[in-house]
1. Return yes or no: is I70 over 30 Å from P154 (Cα atoms), open to solvent by less than 20 Å² (accessible area, probe 1.4 Å) and modelled with pLDDT under 90?
2. Which one of N86, N188, N121 is farther than 28 Å from R33 by Cβ, touching an Asp or Glu at 6+ places or on another chain (Cβ under 9 Å) and polar (S, T, N, Q)?
3. Going by the structure shown, is K120 more than 26 Å from D82 (Cβ to Cβ) and either buried (at least 18 other Cβ atoms within 10 Å of the Cβ) or out of contact with any strand residue (DSSP E or B) (no Cβ under 9 Å at 6 or more places or on another chain) (or both)?
4. Those residues that are open to solvent by less than 30 Å² (accessible area, probe 1.4 Å) and in a helix (DSSP H, G or I), I need them from the range 26-40; list them, please.
5. Taking the residues in the range 28-60 that are aliphatic (A, V, I, L, M) and in contact (Cβ under 8 Å) with a residue 40 or more places away in the chain as candidates, determine which candidate is nearest to V110 (Cα to Cα).
6. Condition first: more than 17 Å from A90 (Cβ to Cβ) and over 19 Å from the mean Cα position of the chain (by Cα). Now tell me which residues in the range 185-201 satisfy that.
7. Can you tell me which residue among D127, D148, D63, D111 is open to solvent by 20 Å² or more (accessible area, probe 1.4 Å), at pLDDT 90 or above and charged (D, E, K, R)?
8. With under 30 Å from A149 (Cα atoms) and open to solvent by 30 Å² or more (accessible area, probe 1.4 Å) as the only criterion, which of E18, E103, E46, E89 stands out?
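The values are calculated or read from the model by the stated rules, or taken from the named source; none is laboratory data. None of these values were measured; they are calculated from a predicted model. As a convention, Cβ positions derive from the backbone with ideal geometry for all residues, glycine included, and neighbour counts pool all protein chains shown. Side chains are part of the model used for accessible areas, which takes the heavy atoms of the whole protein and leaves out ligands, DNA and RNA. Shrake-Rupley method; radii C 1.70, N 1.55, O 1.52, S 1.80 Å.
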Amino acid sequence: MRQNEKEPLSRQQQKSKETKDRIFHAAKTILQRQGYDQLSIKNICEEAGVSNGSFYHHFKTKDDLLSYYIEEQPSINPDLLDMPENAEEAKIAIIHVYLNYAEYCRELGVDFISNYYTPKNQALNPDIRTERPYPILTVENYLKKAIDAGIVSPKLPLADICTDIRMLVIGNVFEWCVHHGETDFEGNIRRSIGGYLDGVF
C-alpha cells in the first residue's frame, strides 16, 4: 500500500485516535501556557480528563507523546521519494521533505515548537529515538537507496550527512522560533540545505 493511502479506522481505532488527540492537545496547551518544565504526565492527564492508565496505554513517557506527534506531519507524495534519476533530483526531494516539516511546524505553532526544541526533550535524541517516520529517517533511507544504486556519490559518509542536515534543520527551527515566526523559514531551509548538499554531491 502506498504511504498516502490508508485503510478506514475501526471504531476501536477511532476511539484510540480520539484519546491520543485529546492527550496531545492537552500537552500542547500546557506547553504553550507554561512551558516544558510544567509538562508532567499528571498535568497532561488532568488537562485531558484521562487517567494515568489511559496515558500509559498510548505513550511510554511525555517525550514519547511529543515524539509521536512531531512526525504526524502532512504526508509526502510517495512518487517524490521514488528513486531519483540524478543527484539534482535527490537534492530537490530532500529539501521538499523539510519544507513539508516547516509547514507542520507552522501548524503546531511557534510556542509549541519553541518548547519542544529543548535539550530536556529526549524525543530529540537520535540515539534513543524509535523507528518512526522522522524526517531525517525518511531522508536517510532515501539517500541510502540512491547511494546503493550509484545515482548519488557523496563526499561524506551517510551518517555524517544525516547529522549535518539534522543540525541545519534545528538551526533553522531555532532561528524561526527566536524571531517568533517572523523569518523566511522555507527560504532559509532551501538555501541552507541546498547549499550544503551542493557541496556534498
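1. In short, no.
2. Among N86, N188, N121, only N188 is farther than 28 Å from R33 by Cβ, touching an Asp or Glu at 6+ places or on another chain (Cβ under 9 Å) and polar (S, T, N, Q).
3. Answer is yes for this residue.
4. A26, A27, I30, L31, Y36
5. L31
6. Within the range 185-201, just R191 meets the criteria.
7. Checking each option against the conditions leaves just D148.
8. E89
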